[in-house]
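Presented below is the structure to which this report refers.
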Amino acid sequence: MRKKHDWLRETYQKSLEKMPERPVAHRTLSDIAPEPLYTPEDIGVLDPEYEEKRGYPGEYPYTRGVYGSMYRSKLWTMRMFAGFGTAEQTNERFKKLLKAGQTGLSVAFDLPTLMGYDSDHPLSKGEVGKCGVAVSSLADMEILFEGINLEEVTTSMTINSPANAIWAMYLAVAKKKGYDWKKLGGTIQNDILKEFIAQKEFIFPPEPSVKLVIDTFEWGPKNVPKWNFISVSGYHIREAGSTAVQELAWTLADGFEYVEAALKRGLDVDEFAPRISFFFDVHNDFFEEIAKFRAARRIWAKEMRYRYKAKNPQSWMLRTHAQTAGVSLTAQQPLNNIARVAIQALAAVLGGTNSLHTDAYDEALALPTEESATIALRTQQIIAYESGVTHTIDPLAGSYYVEWLTDEMERQAMAIIEEIRRMGGVVRAIEEGYFLRELAEASYRYQQEVERKERIIVGVNAFTDEIPLKVPIQLVDPEVERVQAERLARVRRERDPKRVEEALAGLRRAAVEGQNTMPHFVECALAYCTLGEMMDVLREVYGTYQEPAYV
Amino acid sequence: MDRRIRVLIAKPGLDGHDRGAKVVARALRDAGMEVIYTGLRQTPEMIVSAAIQEDVDAIGLSILSGAHMHYFREVKRLLEEQGASDILVFGGGIIPDEDVPKLQELGVAAVFGPGTSTQEIVDFLKRAVPERWQAQGLA
């Protein structure tokens, strides 16, 4: 049986050599100094399953956290999702967020960009800059990151179907500014399977869509080694109405599906798996959420090690971003959402998340204002610096309830994962409408429970005395569409048409011949091909996808 | 004879958030209405043409992307253009309070924000649609 002092001497010390303890008092308000970790030894009990099920932080099966010293050394990354209007406006918001103490950037794109249309496409009308920033070409991306040191920040980009093109634009900005790709850190979401399951921002059919994802698995580790080229996301699955168990199971099933596709291409699991990252929702049921994160790490570690035969411990580690549940926010009595977000954020931290976005209280009404986004960031800072939960790693381990619930969620999730495997995998299950049916059931059931008041939502179906309150709203300047259209016209006028043509032809050839598309996307970006032009080439080669309308 | 209320639930534009639309569609169906759900990514032209073809009494638009002003305006305009302005238009999604009076000015009959009970939407349609029938001498 491995002893705590062995872990302290080996894993913990090694972790401190890389990242020393933060220079703050790891002491309670009564001046008690908690140790970095507590185990059954500390309270004199026996836990024969301790090593197998819980283990030590930074060690297999990572139930207690992926890093040896966790928040004692490094807090989670406070990464607030932002983007609206033009690249100039979002760039300004980014600079303010960095000044306010945020440690990483996270870009929200508008719907035309997410769907691979230029801002001046007819289908973009009314949507440009509305729920994120509009990026139609390298010219927009250059403005978006103007004055930001790309080797110093890490950037997360929520982009899926056009992920290859948008990532290529970011890398093109870096290249033109002379930054070293080897030093760039960040994440592209690039998780197309959950688009078919929940978020619905797909362009191409499932098979070529997965091919584009695996292109990044192959190209990424060799060219941009510190970049997470995928963030396998449960967030949208949950927001579309799934339960926590379904979110856990389907997200991991998606992750395994990508691993299998990459193995099928002949890639080495230990080359790509360390750069797979995750993204989970964090909802109101406090302990269920904590258990979900712990179970997710354990399942991933076990499966990667034993089913997919990964040897590098980095391949076993489930590193994750988390976001509080937008779907839980209420339009009624919106200030109550600050309390909801605080509880959810605390659950994510106690669950050992590596990065966190906290929602602003006004998100059920509109895009967040600068003030509401700042309160959301302050909520994280209060948890990080005032609550004391960071004194010791995984402080809820050993709670009868938390450990039991972790086991139970693992058991239920594995049953669903096995069911999906029996169906022939995630793509098959998508084609059979499995996820649509399950989601429709789960979300309707929840809505009925709320309407029957079996579930109480404060301010919605109980305690509804409204205190009159005017919430200031962030509105998007309608000028965005015009500004974007003008910039696009200028880009098309000033670029080298021959280089554009050749770059698009190269992309087409790669798509037709089944070659890796990434080098061609980079060349297209550098040539100032627009996003719409790149996606149109692939629409022609791959076709588009329409899902069945199922209620 | 009891005439059944026919409703088209539509997702205009590029937004893929369809949980609300589907929950509402199902609740209306469970309340005895005939419901047609368009599926995702419908243009205003597609929505209006489906509504006329299916001879619906009401169109419910679900929009969470912030593009609501544009889509409601277009749908109302096309209905008028095609002589179908008797079809009632209502909607829901993430719609700021400030925009609700502007939508009502366009002739949008009701806007249901997050947290609305589906019963409220059922009650609204059961009241507003027969009122229209009466006004048109259909009931």
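The values are calculated or read from the model by the stated rules, or taken from the named source; none is laboratory data. Every value quoted in this text rests on a predicted model; they were computed, and no experiment measured them. Every residue, glycine as well, gets a Cβ built from its backbone with ideal geometry; the counts of neighbours run over all protein chains shown.
Need the failing condition index for B:Asp2 against (1) in contact with a Ser or Thr (Cβ under 6 Å, 6 or more places away or on another chain); (2) modelled with pLDDT under 90, just the number.
(1)
Test B:Asp2 against the criterion of being in a loop (DSSP other than H, G, I, E, B) and facing chain A (nearest Cβ under 9 Å), and give yes or no.
Working: in a loop (DSSP other than H, G, I, E, B): yes; facing chain A (nearest Cβ under 9 Å): no.
Against the criterion (in a loop (DSSP other than H, G, I, E, B) and facing chain A (nearest Cβ under 9 Å)), B:Asp2 does not qualify.
As an exercise: evaluate A:Arg72 against (1) among the charged types (D, E, K, R); (2) within 27 Å of A:Val522 (Cβ to Cβ); (3) touching a Leu at 6+ places or on another chain (Cβ under 9 Å) and give the number of the one condition it does not meet.
Result: A:Arg72 passes all but (2).
For the stretch A:357-383, name all the residues that are over 21 Å from A:Tyr235 (Cβ atoms) and touching a residue at least 60 places away in the same chain (Cβ under 8 Å).
A:Thr369, A:Glu370, A:Glu371, A:Thr374, A:Gln381
Go through the stretch B:5-68 and tell me which strands (runs of 3 or more DSSP E), entirely inside it, have 1 or more residues that are among the acidic types (Asp, Glu). Write out each step before concluding.
Working: elements: B:6-10, B:34-37, B:58-63.
In the stretch B:5-68, the matching strands (runs of 3 or more DSSP E) lie at B:34-37.
For every residue, the table says whether it meets (1) within 14 Å of another protein chain (Cβ to nearest Cβ); (2) closer than 21 Å to A:Ile192 by Cβ; (3) surrounded by fewer than 24 Cβ atoms within 10 Å (Cβ to Cβ).
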| residue | (1), (2), (3) |
| --- | --- |
| A:Phe81 | no, yes, yes |
| A:Gly85 | yes, no, no |
| A:Glu88 | no, no, yes |
| A:Glu92 | no, no, yes |
| A:Lys96 | no, no, yes |
| A:Ser106 | no, yes, no |
| A:Met115 | yes, yes, no |
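Can you tell me which residue within the stretch A:410-442, out of those that are small (Gly, Ala, Ser) and not in a helix (DSSP H, G or I), is nearest to the other protein chains (Cβ to nearest Cβ)? It would help to see each step written out before you state the result.
Here is the first cut: in the stretch A:410-442, the ones small (Gly, Ala, Ser) are A:413, A:415, A:424-425, A:429, A:433, A:440, A:442.
Next cut, not in a helix (DSSP H, G or I) only: A:424-425, A:433.
Details: A:Gly424: 25, A:Gly425: 23, A:Gly433: 13 Å.
The residue in question is A:Gly433.
Going residue by residue through the stretch B:45-62, is there one that turns out to be under 14 Å from B:Gly91 (Cβ atoms), of a type in the set (S, T, N, Q) and modelled with pLDDT under 95?
no
Being of a type in the set (A, V, I, L, M, F, W, C) and in a loop (DSSP other than H, G, I, E, B) is the filter here, so list the residues in the stretch A:1-50 that pass it. Step through it out loud before you land on a result.
Pass one, the stretch A:1-50, residues of a type in the set (A, V, I, L, M, F, W, C): A:1, A:7-8, A:16, A:19, A:24-25, A:29, A:32-33, A:37, A:43, A:45-46.
Scanning the stretch A:1-50 gives A:Met1, A:Met19, A:Val24, A:Ala25, A:Leu29, A:Ile32, A:Ala33, A:Leu37, A:Val45, A:Leu46.
Do we have any residue at all in the stretch A:443-465 that's part of a helix (DSSP H, G or I), under 24 Å from A:Trp300 (Cβ atoms) and in contact (Cβ under 8 Å) with a residue 12 or more places away in the chain? Talk me through it step by step, then tell me what you get.
Our first condition is that a residue be part of a helix (DSSP H, G or I); within the stretch A:443-465, this holds for A:443-451.
If we keep only those that are under 24 Å from A:Trp300 (Cβ atoms) too, we end up with none.
Scanning the stretch A:443-465 turns up no residue that is part of a helix (DSSP H, G or I), under 24 Å from A:Trp300 (Cβ atoms) and in contact (Cβ under 8 Å) with a residue 12 or more places away in the chain.
Which residue out of A:Val476, A:Val491, A:Val483 is in contact with a strand residue (DSSP E or B) (Cβ under 7 Å, 6 or more places away or on another chain) and within 30 Å of B:Met69 (Cβ to Cβ)? Break it down stepwise before answering.
Working: A:Val491 fails: in contact with a strand residue (DSSP E or B) (Cβ under 7 Å, 6 or more places away or on another chain); A:Val483 fails: in contact with a strand residue (DSSP E or B) (Cβ under 7 Å, 6 or more places away or on another chain).
The unique qualifying residue is A:Val476.
Identify all residues within the stretch A:174-212 that are over 17 Å from the mean Cα position of the chain (by Cα) and of a type in the set (Gly, Ala, Ser); write none if there are none.
Passing the criteria: A:Ala174, A:Gly178, A:Ser209.
Which of (1) over 16 Å from the mean Cα position of the chain (by Cα); (2) away from every other protein chain (no Cβ under 14 Å); (3) within 28 Å of A:Val133 (Cα to Cα); (4) surrounded by fewer than 24 Cβ atoms within 10 Å (Cβ to Cβ) is the odd one out, the single condition A:Arg307 does not satisfy?
Every condition holds for A:Arg307 apart from (3).
Would you confirm whether or not the stretch A:528-548 contains a residue that is loosely packed, with under 14 Cβ neighbours inside 10 Å, touching a strand residue (DSSP E or B) at 6+ places or on another chain (Cβ under 9 Å) and more than 14 Å from chain B (Cβ to nearest Cβ)?
Within the stretch A:528-548, not a single residue is loosely packed, with under 14 Cβ neighbours inside 10 Å, touching a strand residue (DSSP E or B) at 6+ places or on another chain (Cβ under 9 Å) and more than 14 Å from chain B (Cβ to nearest Cβ).
Could you look through the stretch A:125-158, keep only residues that are within 14 Å of chain B (Cβ to nearest Cβ) and closer than 24 Å to A:Thr77 by Cα, and pick out the one that is modelled with the lowest pLDDT? Break it down into steps so the answer makes sense when it comes.
First pass over the stretch A:125-158, keeping only residues within 14 Å of chain B (Cβ to nearest Cβ): A:125-134, A:158.
Those still in the list that are closer than 24 Å to A:Thr77 by Cα too: A:131-133, A:158.
Working: A:Cys131: 84, A:Gly132: 91, A:Val133: 95, A:Thr158: 96.
Here the answer is A:Cys131.
Considering only the stretch B:62-111, how many residues are in contact with a Pro (Cβ under 6 Å, 6 or more places away or on another chain) and of a type in the set (Val, Ile, Thr)? Spell out how you get there, then give the answer.
The first filter runs over the stretch B:62-111 and keeps only residues in contact with a Pro (Cβ under 6 Å, 6 or more places away or on another chain), leaving B:71, B:74-75, B:78.
Now narrow it down to the ones that are of a type in the set (Val, Ile, Thr): B:75.
Qualifying residue count, the stretch B:62-111: 1.
Do we find a residue being surrounded by fewer than 22 Cβ atoms within 10 Å (Cβ to Cβ), among the hydroxyl-bearing types (Ser, Thr, Tyr) and within 10 Å of another protein chain (Cβ to nearest Cβ) anywhere in the stretch B:66-84?
Within the stretch B:66-84, not a single residue is surrounded by fewer than 22 Cβ atoms within 10 Å (Cβ to Cβ), among the hydroxyl-bearing types (Ser, Thr, Tyr) and within 10 Å of another protein chain (Cβ to nearest Cβ).
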